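Contents: one structure, followed by commentary.
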Amino acid sequence: MTSFLKPKIRRHNEPLNELGLARVDYEGNMSTLCAGCGHDSVTAAIVRAFYELSIPPHRALKISGIGCSSKTTSYFMNDSHGANTVHGRMPSFATGALSANNDLPTIGISGDGDSLSIGLGQMAHAMRRNVNMLYMLENNGVYGLTKGQFSASADLGSLPKKGDPNEFPAIDPVAFALSVGATFIARSFSGDRKQLVSLIKAGLKHKGFAIIDVISPCVSFNDHKGSTKSYAHTYEFYSKAVHADYIAPSQEIVAAYDEGEVMPVELHDGGYIQLRKLDADYDPTDRGAAFNRVMDSERKNEILTGLLFIDEKQPDLHETQNMEARPLNEIPYTELNPGADALSALQAEFR
Amino acid sequence: MSGPGLNDFVIKIGTVNGTGSASANGLLMKSIFRMGIPVVGKNVFPSNIQGLPTWYEIRVSGDGHAGRSGEVHMMVAMNQATYDQDLAELATGGVLLYDSTWPRPQLENRPDVTVIGVPLMKMCNEVVKAARSRILMKNMAYVGAVAALVDIDLAVIRSLIEETFAAKAKLIDSNMVAVKLGYDYVKSHYDCPLRFRVAALDKTKGKVMIDGNTAASLGCVYAGATFGAWYPITPSTSLMDGFVKYCKKLRVHEESGKNKFCIIQAEDELAAAGLIIGAAWNGARAFTPTSGPGISLMSEWIGFAYYTEIPVVFFDIQRTGPSTGMPTRTQQCDIQTTAYASHGDTKHIVLYPSDPNECFDFAVRSFDLAERFQTPVFFLSDIDLGMNDWMVDELTWDDNYVPDRGKVVTKDDLDKMESFSRYLDVDGDHIPYRSLPGTDPKGAYFLRGSGHNAHARYTELGHEYQEIVDRLLAKWESAKTAVPAPIVQKAAGSTRYGMIAIGTSDAAATEARTRLEADGMPVDYMRVRAFPFTDEVEAFIADHEEVFVVEQNRDAQLLNLLLTETNAAREKLIPVLHYSGEPLNYRFVCDALMKRIKLRKIA
Ligand SMILES: Cc1ncc(C[n+]2csc(CCOP(=O)(O)OP(=O)(O)O)c2C)c(N)n1
Ligand code: SF4
């Protein structure tokens, strides 16, 4: 089998973005995932977000690990450079790629297996380095591609399709990210396209490490009764805390909501993320408070979603490394060569 | 055999690590070098920060031999815990110098050596107050004692001390006072100098004393590497230390103060490999320094980079394995690993430098080869080469050098193309074109470690898969003509014997060859400098009846690689294996070869 190119069919009167591109221009190969897989909905949300932000596809990077979720990098934006790397190691590859050229908006795609078991270390270190990327953790509680074993995000007591209930507590990517230092932390659901698209847009515009933990049910191995990552369970326990909208620099903030509910966070590009708090007590700029709230909702079996934490002030990796604005891969060799005289001079200490 | 004699002897200093003896030993070696006499320094140190035995061996070789001799003629025994061992190692006719503040009559029980007692600590205690300074001064005092015994010029020592403490003038005098303590005591109590001693020569002009890691780090800078990632591991760490140092010095934008490089200390070797592969995919020259255990961890990524054709450079500074082994001792034990690192069918380009000058040169070439052939390249060094100072010709640079970036398509190129296929062999040379992210939509392609065809599309079709892996093999084979060719030292007349070595086995092999020839046992010698083996390698084996393969590991890794990759007959290749963790010495090679050659003559 070879991969299928999806024919690009542009409909008459199709809406175009600022670049004159239609949504199909952000699409990729035909998905080979199971019909109904949550990951396909996430892919659709990604297409929409890049399209709405008018990001030129060839100026974006899409990088993934290994798993059904990680396959999806080839199902969007065929005009972008993409990389399907090795299991659990997407963060290091992405960090290296961004170090060579920080000008390219970068989306990393991973699964709960890819991120929370084999890849937990790399994910943690990308967070603490505040690498300027959006990290999508498509979370279904199982290893889809190896046919349904529990992953580290499976909840204690969650039932498998057959066999014994899960015996170990889950690693919650949101609580983990809060403790390790990610600067944009959100949770969403593949079934909530609207929320997901706004979070992806905000995450792409955030300068630093943004993670979205997306509950993305696996219809083949973890969508049955007794599973806590099924569609039905997620719909039932879904709770929204903070809604986030990206407002471009040219747009105005509209104060259509009650005071106290709306909170603008200024971004590096001059735009804003407008936070709409559905829960007046929530302060998404306070790491400690966010952590307490997340723990609290876990106790109540609530699936707390929205932009749960944001800190726009931390320097990203590029800044901590004191790197030039110009990408490394564009610096001409003439500027990198110290020359023969310098070599001779610096050898004085070896004589 | 060699020494001891004028400008031809070995001094070994036994101390305790963490006591600051390294600078004293460096001073001794450097002062001999400054007197124009070729010198070799080997540091044998424990995997420990403080309190365990450590040795430093200085070979004075007026003839310019670069390897170890295998004998010790003067032992400076400063560690009471190793007195017995140190005494036993001393050659007949040798001299043992020790600190007689605590007299040790049992040191006298080798009538064939001379024991010289100098009350170093006692003398230092009388003039120095602070405890830590006393220990440091004692080190300088033994430098003085040795200087008196072998006739090292005190003015040279003084000028080196002046350079070291240029910023702290007070220390110059106090150090010289300590040197004089040892010097004067020995002069007034013993007949000086000894029979073996130094006498100024003119053989170090245009030379430098530099270690391989520093030279390789300079190679990375001059090659235009902009991205380095690493996880600390002895003995590779100093390579990255060097890169950091020289980048800070030479690579910071003058006005903005911003860096034109990026160095990341990774969380482990898995990440270090991923980081450089990501950076290289995006067009930066990227590398990682590591050692055997790191290569093991990086293996999955290495296969990925090989199969997806990403140019990256791995510096493997070998140490004694398996596992943690003896992490501060040397070996050539990753020859097989680096040749075929990773799962599946993988074959790599590997360079085998043998001295720091070549480390500099091969570091640059590694990046050129990686980009030309779009594949990982391994630079195989070891702790002996990486961390010891070697006397080599001063490093030089050709300002006309232009990096070989290989086949990278620009936006203009893409505009002219009908379509772009990442893995298509357009030119028939097995090397496809690559595009960098962000260039142009037409250049976009999807990189995957899973089956892919010439158009970089996913495949599970056998013939499409095979087309790619066959091309990879042909590409690797074609690198034969681009890698550094072997160097042959021919015997004066014809001989049935050949010898092959790589890397740091070269110095001992070269010296052994010279000495054997002088003794009427001519041997031709080929130093192999790269994998894949060039055609000369197979021809060299074919031209000789017996070929000694000299290497520093237990399993004859180079020999087996030669068997696998050439048509050589197994019976022809004779292993000469040294794997104690100490750098190879010429006596070991001579003995092994002589035994075989003499046996033949009798038979
Ligand atoms: C080194 C290595 N070990 C094991 C595997 C097998 N493997 C492939 S995908 C996968 C789990 C993927 O799970 P997840 O990331 O949750 O993705 P999903 O398929 O559920 O989307 C595993 C274990 C592998 N590819 N590489
Ligand atoms: S196995 Fe599960 S995760 Fe994988 S494609 Fe099917 S539904 Fe999606």
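No value in this document is a laboratory result; all are computed from the given coordinates. Please read these numbers as outputs of a predicted model, since none were measured by experiment. Quick reminder, even Gly has a Cβ in these numbers, built from the backbone with ideal geometry, and neighbours come from all protein chains shown.
Taking amide hydrogens as placed 1.01 Å from N in the peptide plane, the amide H of A:MET133 sits under 5 Å from those of A:GLY208, A:PHE209, A:ALA210, each at least 5 positions away in sequence or on another chain. What angle, in degrees between 0 and 90 and rounded to the nearest 10, separates the Cα long axis of helix B:356-373 from the longest principal axis of the Cα atoms of chain B? Once rounded, one gets 10 degrees.
Helix A:287-299 axis versus longest C-alpha principal axis of chain A: approximately 30°, rounded to the nearest ten.
Which FRET efficiency value, to the nearest 0.05, do you get for A:GLN149 and B:LYS129 by plugging their Cβ-Cβ distance into 1/(1 + (r/R0)^6) with R0 = 45 Å?
E(calc), rounded to 0.05, equals 0.05.
Taking the longest Cα principal axis of chain B as reference, the axis of helix B:169-189 is set at about 50 degrees.
For the stretch B:542-603, the C-alpha radius of gyration divided by 2.2 N^0.38 Å, with N the number of residues, is 1.18. Based on DSSP H segments of at least four residues, each scored -39500 (n - 2.57), the protein assembly as shown has a per-residue ellipticity at 222 nm of -10500 deg cm²/dmol. Counting Cβ atoms of other protein chains within 10 Å of each Cβ in B:306-314 and taking the mean gives 1. Of the residues A:TYR238, A:GLY181, A:ALA345, the one whose Cα sits farthest toward the positive end of the charge dipole of chain A, with +1 on the Cβ of Lys and Arg and -1 on the Cβ of Asp and Glu, is A:TYR238. Extent of the stretch B:333-425 along its three principal axes (Cα atoms, max minus min coordinate, largest first): 54, 40, 15 Å. For chain A, the orientation-averaged shadow of the C-alpha convex hull comes to 22.7 nm² (one quarter of the hull surface).
Looking at the stretch B:445-495, which trypsin sites (Lys or Arg not before Pro) are in a loop (DSSP not H, G, I, E or B) and have at most 16 other Cβ atoms within 10 Å?
B:LYS490
Which aspartates and glutamates have a Cα less than 15 Å from the Cα of B:LYS122, not counting those fewer than 8 places away in the same chain? Hits, sequence-local ones excluded: B:ASP99, B:ASP184. What the phi angles of the stretch B:318-327 give under the Karplus curve with 6.51, -1.76 and 1.60, with θ = phi - 60°, is a coupling list of 5, 9, 5, x, x, 6, 5, x, 10, x Hz, glycine and proline written as x.
Relative to the globular-protein estimate of 2.2 N^0.38 Å, the Cα radius of gyration of the stretch B:160-306 stands at 1.55.
Annotation for the stretch B:452-475 versus the stretch B:310-338: alpha-carbon center distance of 31 Å. The translational diffusion coefficient of chain B, from Stokes-Einstein at 10 °C and 1.306 mPa s with a Kirkwood hydrodynamic radius over alpha carbon pairs, comes to 61 µm²/s.
Taking the stretch A:55-95 on its own, what percent of its Cα-Cα pair distances exceed 13 Å? The calculated P(r) of the stretch A:55-95 puts 47 percent of pairs beyond 13 Å. Computed from backbone phi with θ = phi - 60° and the Karplus coefficients 6.51, -1.76 and 1.60, the 3J(HN,Hα) list for the stretch B:515-530 is 5, 5, 4, 4, 8, x, 10, x, 9, 7, 10, 10, 9, 7, 10, 6 Hz; x is used for glycine and proline. Peptide B:216-225 is shielded by partner chain Cβ atoms: per residue, an average of 3 of them sit within 10 Å of its Cβ. Cα centroid separation, the stretch A:259-334 to the stretch B:481-533: 63 Å. The spacing between the stretch A:109-144 and the stretch A:54-101, judged by their C-alpha centroids, is 13 Å. The magnitude of the dipole of chain B, with charges of +1 and -1 set on the Cβ of Lys/Arg and Asp/Glu and taken from the Cα centre, is near 1680 debye. Here the stretch B:383-478 is assigned +1 on the Cβ of each Lys and Arg and -1 on the Cβ of each Asp and Glu. Its dipole about the Cα centre then comes out at about 760 debye.
Evaluating 6.51 cos²θ - 1.76 cosθ + 1.60 at θ = phi - 60° for every residue in the stretch B:301-313, the Karplus couplings come out as 5, 4, x, 4, 5, 5, 6, 8, 6, 10, x, 9, 10 Hz, glycine and proline recorded as x. Near B:PHE379, the amide H atoms lying under 5 Å from its own belong to B:PHE314, B:PHE315, B:ASP316, B:LEU351; only residues 5 or more places off or on other chains count, and H is placed 1.01 Å from N. Under the combined filter of DSSP loop state and at most 12 neighbouring Cβ atoms within 10 Å, the stretch A:198-277 retains these GluC sites (Glu not before Pro): A:GLU252, A:GLU259. Note on the stretch B:352-487: Rg/Rh from Cα positions, Kirkwood definition for Rh, rounded to two decimals, is 1.06. For GluC sites (Glu not before Pro), the sites in the stretch B:181-282 that DSSP calls loop and that have at most 15 other Cβ atoms within 10 Å are B:GLU254, B:GLU255. About its Cα centre, the stretch B:181-238 has a charge dipole of approximately 220 debye under the convention of +1 per Lys or Arg Cβ and -1 per Asp or Glu Cβ, with nothing else charged. Computed from the Cα positions only, the extents of the stretch A:70-228 along the three principal axes stand at 48, 33, 30 Å, in decreasing order. Pairwise Cα distances in the protein assembly as shown exceed 38 Å for 53 percent of all pairs.
Put simply, the amide H of A:GLN149, placed in the peptide plane, has neighbours under 5 Å in A:TYR143, leaving out anything fewer than 5 places away on its chain.
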